[in-house]
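Working notes, beginning with the structure itself.
Read-outs throughout are calculated quantities, based only on the coordinates presented, and are distinct from any laboratory measurement. These numbers come from a predicted model, not from an experiment. Reconstructed Cβ throughout: ideal geometry from the backbone, glycine too, with neighbour counts over all protein chains shown.
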Amino acid sequence: MIRKTPFIVERKGIPWWYYDFTVKGKRYRGYIGAKSEMNKREAQQQLDATWARILTSAETPRRKQTSKSPGQVFKEYADYLEMHRPKTWESYRYLKRHFETFFKGKRTISPSDVKRYQKQKWDEGLSGPTINRHMFYCRAAYNKAGVKPNPFDGFDKFDEFPRTRYLTEDELSALMSKSTGVLREIVLTAILTGMRKGEILNLHKRHLDFGNQLITVPGSETKGKRPLTIPLPGELEMVFKQNLQKHESGFVFENKHTGKPLVDIKKAWKAALKDAEIKDFRFHDLRHTYATYSLLVAKDIRILQGLLGHSSIRTTQKYAHIMTAGKRDASNAVSSFISKILENDADKPES
């Protein structure tokens, strides 16, 4: 049988390695990885593994799927995790709404349904590693339910290459000029603190210490389950105070209709990117932007790890309010650096 080879296709202006072939009358096609992240030899290795998996599945007789709806499977798994594995439940409960919504009303799930789910989540802006985690949870749920064959077995896993996309100075200036209202405040918070979107949207007055100029988020509310303590940039202090005066709920970014924190900003975010003519950029890349400029200015990877909450340095909660001079200097340097970019943009005459 002729060996299949990858080829290049353009996706949103970005060259990707791609495959497209037919086995026993069924067409298989998909993305392998961005050309910028792997050479042809690496793409070929990935394709060979996919090819072998497809050949194996094509030769394996399909068994009738055990009768149990996706809704039942996900609910039973949620109940099990909440009762027996509370730490895993904390992560699962935020993810399950994605696949519960997508597969709602279906009696069974097919491998093609799984592929459509992956594509939809990718188009929504989720990263490959995040989509992989969705698949791992779904597979675990079906294994626990005893459904055979498991439709999530052998799913096409996204390569987990580290993404390092960040805004250039011109892109940052353009994005801020096209961001208005609460979106501008949220974007500014992201590029001045490096916080994740979920951490920003759920910011509450209990997280803010204006006296010591600190933002403190407990481990129960962070992705890494470790407490995050970072400096509160002066540029954000007035913004936060003004918002809190208007919001009785105590949330910095409140949904005025519900009194709860904003859930998402997709519509405004996509509009700002389009107006600023910025491509291949996700909200989480603002965190990469912060990290990049922090290293350019502060030149200390250890300080950056602390600012991003990636550090394993063991600091007792008793001294959590005390920040090292290095952390504060790095945070101030990043704030000053980005503020100069924004000031230069404000001084430009409108065209």
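Cα gyration tensor of segment 70-145, axes a ≥ b ≥ c as square roots of the eigenvalues: rounded (a/c below 1.5), prolate (a/b > b/c) or oblate? In terms of gyration-tensor shape, oblate. Extension gain, ASP275 to GLU100: 0.36 nm times the residue separation minus the Cα-Cα distance gives 59.7 nm. Take every pair of alpha-carbon atoms less than 8 Å apart whose residues are at least six positions apart; their mean separation over the length of segment 7-59 yields a relative contact order of 27 percent.
Counted by neighbouring Cβ atoms within 10 Å, the residues HIS134, HIS204, HIS84 run from fewest to most as HIS84, HIS204, HIS134. Taking θ as phi - 60° and the Karplus parameters 6.51, -1.76 and 1.60, the scalar couplings of segment 273-285 work out to 4, 5, 5, 7, 6, 9, 10, 6, 9, 10, 4, 4, 5 Hz in sequence order, x denoting glycine and proline. As a proxy for reagent exposure, ranking ILE186, ILE8 by other Cβ atoms within 10 Å from fewest up yields ILE8, ILE186.
Taking 0.36 nm per residue of separation and subtracting the Cα-Cα distance, full extension of the segment from GLU169 to ARG226 would add 17.4 nm. Give LYS106/LYS148; LYS119/LYS157; LYS115/LYS223; LYS197/LYS260 a once-over and call out the pairs whose C-alpha atoms are over 18 Å from each other. Table pairs above 18 Å Cα-Cα are LYS115/LYS223. Note on ARG53/GLN245: beta-carbon distance plugged into 1/(1 + (r/R0)^6) with R0 of 45 Å gives a FRET efficiency of 0.20.
Would you mind classifying segment 7-59 by shape? Square roots of the alpha carbon gyration tensor eigenvalues, ordered a ≥ b ≥ c; an a/c under 1.5 is rounded, otherwise it is prolate if a/b is larger than b/c and oblate if not. Note, shape of segment 7-59 comes out oblate.
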